[in-house]
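The values are calculated or read from the model by the stated rules, or taken from the named source; none is laboratory data. Because the structure is predicted, anything quoted here is derived from the model rather than measured. We place every Cβ from the backbone using ideal geometry, glycine too, and count neighbours over all the protein chains shown.
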Amino acid sequence: MDEQFPPDGAWTEAYIALGSNIGDREQLLREAILLIDQHSAIEVSRASGIYETDPVGYTDQPAFLNMALAVRTMLPPVELLRRLLAFEQQLGRVRHIRWGPRTIDLDLLLYHNVRMDQEELTLPHPRMMERSFVLVPLHDVLEPGHPLQEQVKAASEAALRDGKEGITLWKTINWRSASEPFGN
Ligand code: X6L
Ligand code: MG
Ligand code: MG
């Protein structure tokens, strides 16, 4: 399904999760958004709030800033993933410890209604529904009426309500303001 989708010249909606816990975390998130939006075949539609989140998996590391983007793209899923990995490299990501600290992490969560399970890419992201630091920001940008909307909303509201996962809204940004002073 991936290599022939989308049809030539058609735009498809996709969702990306961002995370950073080394260096100037907000600046790295902003640079990632700009790199993504400046690609000719990817356009940022909506950006979530920025959340500060307790580290999960490997817990002896600094707190993360996490957010999510809704994008439109003309790239097929695997090509989009490869672009995201190239942007991570461009922003100084070096892989040391599994699940360890990183300048920037860009994860492809959803690509239209594509389901695939390949060595390089599984869609939807196989662990997204278990990760509040993904679901809370995703809820901010998910298209109303999206098939996952109710599930994401319930999980996100629960996580923010009981607070035990250490997710707090840290800042809301107008990401366009850095590059386009007169836009919104
Ligand atoms: C048991 C075993 C329970 C493993 C959880 C969860 C492993 C998440 C890896 C896990 C487990 C991950 C971020 C993070 C990571 C992030 C926050 C991962 C990969 N990335 N914590 N931990 N934000 N808050 O972006 O997601 S490492
Ligand atoms: Mg990740
Ligand atoms: Mg990743």
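Data for the structure
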| quantity | calculated |
| --- | --- |
| Unique residue being within 16 Å of ligand 3 (Cβ to nearest atom), surrounded by 20 or more Cβ atoms within 10 Å (Cβ to Cβ) and not acidic (Asp, Glu) when the list is Leu121, Leu109, Leu142, Leu85 | Leu109 |
| Glu165, sole failed condition from (1) touching a Ser or Thr at 6+ places or on another chain (Cβ under 6 Å); (2) of a type outside the set (Phe, Trp, Tyr); (3) assigned to a helix (DSSP H, G or I); (4) at pLDDT below 95 | (3) |
| Index of the failed condition, Leu135 passing every other in (1) touching a residue at least 40 places away in the same chain (Cβ under 8 Å); (2) within 14 Å of ligand 1 (Cβ to nearest atom); (3) under 14 Å from Asn66 (Cβ atoms) | (1) |
| Scope segment 88-104; condition among the β-branched types (Val, Ile, Thr) and either touching a residue at least 24 places away in the same chain (Cβ under 8 Å) or away from ligand 2 (no atom under 16 Å from the Cβ) (or both); matching residues | Ile97, Thr103, Ile104 |
| Which numbered condition Asp107 fails, given (1) within 12 Å of ligand 2 (Cβ to nearest atom); (2) of a type outside the set (Lys, Arg); (3) more than 16 Å from the chain's Cα centre (by Cα) | (3) |
| Residue that is farthest from Asp105 (Cα to Cα) [pool: residues in segment 1-28 that are buried (at least 22 other Cβ atoms within 10 Å of the Cβ) and touching a Phe, Trp or Tyr at 6+ places or on another chain (Cβ under 7 Å)] | Ala14 |
| Answer residue from segment 124-136, given it is touching a strand residue (DSSP E or B) at 6+ places or on another chain (Cβ under 9 Å) and in a loop (DSSP other than H, G, I, E, B) and is nearest to ligand 3 (Cβ to nearest atom) among those | His125 |
| Where a residue in segment 68-87 is over 16 Å from Trp11 (Cα atoms) and its partner, wherever it lies, is of a type in the set (Phe, Trp, Tyr), with Cβ under 8 Å and at least six apart | Ala68/Tyr15 |
| Filter result for Gly19 (in a loop (DSSP other than H, G, I, E, B), under 30 Å from Gly145 (Cβ atoms) and either touching a residue at least 60 places away in the same chain (Cβ under 8 Å) or among the aromatic types (Phe, Trp, Tyr) (or both)) | no |
| Single match in Glu31, Glu43 (criterion: more than 23 Å from Leu148 (Cβ to Cβ) and either surrounded by 17 or more Cβ atoms within 10 Å (Cβ to Cβ) or touching a helix residue (DSSP H, G or I) at 6+ places or on another chain (Cβ under 8 Å) (or both)) | Glu31 |
| Those residues of segment 73-117 which are in a loop (DSSP other than H, G, I, E, B), of a type in the set (A, V, I, L, M), within 14 Å of ligand 1 (Cβ to nearest atom) and modelled with pLDDT of 95 or more, in sequence order | Ile104 |
